[in-house]
Amino acid sequence: MLDIKKIRVNPERVLKDLLKKDKDISLKSILNIDAKLKSLTTKLNELQAKQNSKSKEIGKLKSKRDSSDEVFKNLKVLSEKIKELEKEQKKLSFLLKNALLEIPNLPHSSCPKGKNEKDNIVVLEKNKKENYNFTIKDHVEIGKNLDILDFEISAKMSGTGFPLFKGKGALLERALINFMTDYHLNNFGYTEFFTPFLVKPDTALTTGQLPKFSEDMYHIEKDDLYLIPTAEVSLTNIHKDDLFSLSDLPKYYLGYSACFRREAGSYGKDTRGLLRVHQFNKVELVKFVEPKKSYKELDSLVKQATNILDLLDLNYRVVELCSGDLGFAAAKCFDLEVWSPGEEKWLEVSSCSNFEDFQSRRGNIRFKNSDGKIDFVHTLNGSGLATPRIFAALLETHQNNDGSVSIPQCLQSYMGISEIK
RNA sequence: GGAGAGGUGGCUGAGUGGCUGAAAGCGGCACCCUGCUAAGGUGUUAUACUCGUAAGGGUAUCGAGGGUUCGAAUCCCUCUCUCUCCGCCA
């Protein structure tokens with residue numbers, strides 16, 4: 001959520017930045033509501049001050065048993081007027097808040113300018129361009145041949161987009177989760193969490209999924225709960241409404257979760273195999289930090305996530321998102337993409353973002369800085385990483401002529417084998 | 001699902017109609033004292049909005065919403081969350 005004061009003071013500048021992200025945005029109605037609310041509040045406060053002082057007088061008179069009916073009558077009128085204005089004020093604040101919740105975060109000035117993913121910048125590429133001296137297969141075929149993936153069985157019970165891992169496939173999936181969790185835990189000072197997968201609407205509001213993107217989440221109507229699309233939601237909300245002291249920061253949190261996404265509107269896109277699924281596994285990294293350190297923290301977050309790809313011996317690249325391709329809540333974002341030899345495509349496996357104070361304002365997550373002043377923390381998160389596309393890239397990248405798949409060193413101790421055949 | 005108890009400041013916890021934005025303790029901050037890894041003393045310390053260069057002032061806020069009243073943390077209603085017991089399931 002943006003600071004209304006920032007919008008009020010310099011609407012042109014805010015709008016200019018917003019347009020870099022969303023060209024259809026307008027601040028007119030917000031400014032209008034804000035102006036109305038402000039003048040109404042001033043008026044209301046004056047009346048309330050009057051009411052308070054008069055009521056105090058009555059209190060004193062009453063204690064002397066010296067009440068006057070006339071004073072009462074006048075105050076009754078005032079009291080009714082105040083109630084009327086209070087109702088109006090509530091209405092306007094509600095409108096203002098709702099409008100603000102729909103405004104995306106401003107892109108950081110360092111973001112490349114651009115409209116869509118074509119304008120993103122590749123900042124790092126590690127691609128060995130290996131030469132396979134045999135005809136390579138894609139992960140769907142490999143998975144079927146090795147009997148470790150079955151999309152037909154899962155489709156039977158849940159529909160498309162719900163993968164079923166079998167035998168060594170299930171083992172590999174579990175190994176990936178454990179390896180990634182342990183790696184971040186042992187090397188970067190994260191605290192591990194295992195969070196709920198179902199959350200209340202307010203929780204999804206903090207991180208920005210609601211109110212605007214309710215269509216992307218699965219909703220349990222009966223209990224008004226949402227299935228989390230990422231552990232970012234639950235991890236970030238651990239500190240909803242909290243006030244940190246400076247010594248509490250930074251907080252580095254990590255959590256595995258199953259992630260659920262309806263993928264509404266993307267039917268027919270990347271639907272093959274594991275490329276785009278409704279349920280997947282992910283190890284998520286979340287940081288709560290002082291504002292002045294957040295961009296440094298973003299760099300280290302990206303490095304931590306890419307380390308995993310190095311260890312898995314995958315070809316990957318790091319992409320700096322342009323302003324137009326940034327997500328709703330992000331101020332700055334780097335995507336990690338692995339190369340899929342089978343699809344001959346880059347697959348996004350991680351998104352590392354700095355949300356600055358966008359989420360912390362929504363979730364009221366604050367800290368007391370060294371002057372004793374209260375400010376909003378900056379939140380960051382990154383996938384570290386999401387498994388299904390990693391799974392696919394692993395099968396395709398490390399496939400052998402005989403149809404087997406070699407297991408990278410880092411996973412071998414988790415699986416007890418060095419290849420799936 | 002049934003019964004009960006409760007949601008108050010960074011935390012613990014008093015407070016049943018006006019003198020309560022809120023006792024006390026803890027924690028934090030400042031200063032003082034004290035030579036022995038530390039203790040003690042004094043003061044200070046909610047948040048948001050708003051007016052003001054500032055000092056300071058005004059308003060709101062005691063889970064949320066509504067009601068009674070000139071006036072509500074305090075009374076009434078609805079909702080919500082937490083805890084305990086019973087039942088049910090694991």
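Number of residues in the range A:176-230 that are polar (S, T, N, Q), under 17 Å from the mean Cα position of the chain (by Cα) and open to solvent by 20 Å² or more (accessible area, probe 1.4 Å): the value is 3. If we scan the range A:38-52, do we find a residue that is part of a helix (DSSP H, G or I), closer than 30 Å to A:Ala329 by Cβ, away from RNA strand B (no atom under 11 Å from the Cβ) and open to solvent by 60 Å² or more (accessible area, probe 1.4 Å)? There is no residue in the range A:38-52 that is part of a helix (DSSP H, G or I), closer than 30 Å to A:Ala329 by Cβ, away from RNA strand B (no atom under 11 Å from the Cβ) and open to solvent by 60 Å² or more (accessible area, probe 1.4 Å).
Are any of the residues in the range A:18-30 within 11 Å of RNA strand B (Cβ to nearest atom), closer than 24 Å to A:Ser360 by Cβ and either assigned to a helix (DSSP H, G or I) or open to solvent by less than 70 Å² (accessible area, probe 1.4 Å) (or both)? First the steps, then the outcome.
At the first step, the residues of the range A:18-30 found to be within 11 Å of RNA strand B (Cβ to nearest atom) are none.
No, the range A:18-30 has no match at all.
Of the numbered criteria (1) within 17 Å of A:Asp357 (Cα to Cα); (2) assigned to a strand (DSSP E or B); (3) acidic (Asp, Glu), the one A:Asp241 fails is (2). Going residue by residue through the range A:257-280, is there one that turns out to be closer than 23 Å to A:Val377 by Cα and buried (at least 22 other Cβ atoms within 10 Å of the Cβ)? No: zero hits.
Would you tally the residues in the range A:100-121 being part of a loop (DSSP other than H, G, I, E, B) and open to solvent by 70 Å² or more (accessible area, probe 1.4 Å)? If you could, list the steps in order and put the result at the bottom.
Residues of the range A:100-121 part of a loop (DSSP other than H, G, I, E, B): A:102-116, A:120.
Retained after the next criterion (residues that are open to solvent by 70 Å² or more (accessible area, probe 1.4 Å)): A:102, A:109, A:113, A:115.
Qualifying residue count, the range A:100-121: 4.
The values are calculated or read from the model by the stated rules, or taken from the named source; none is laboratory data. Computed from a predicted model, the values in this text were never measured in an experiment. Glycine also receives a Cβ, built like all others from the backbone with ideal geometry; neighbour counts cover every protein chain displayed. Accessible surface is based on the protein model in full, side chains and every heavy atom, while ligands, DNA and RNA are left aside. Shrake-Rupley method; radii C 1.70, N 1.55, O 1.52, S 1.80 Å.
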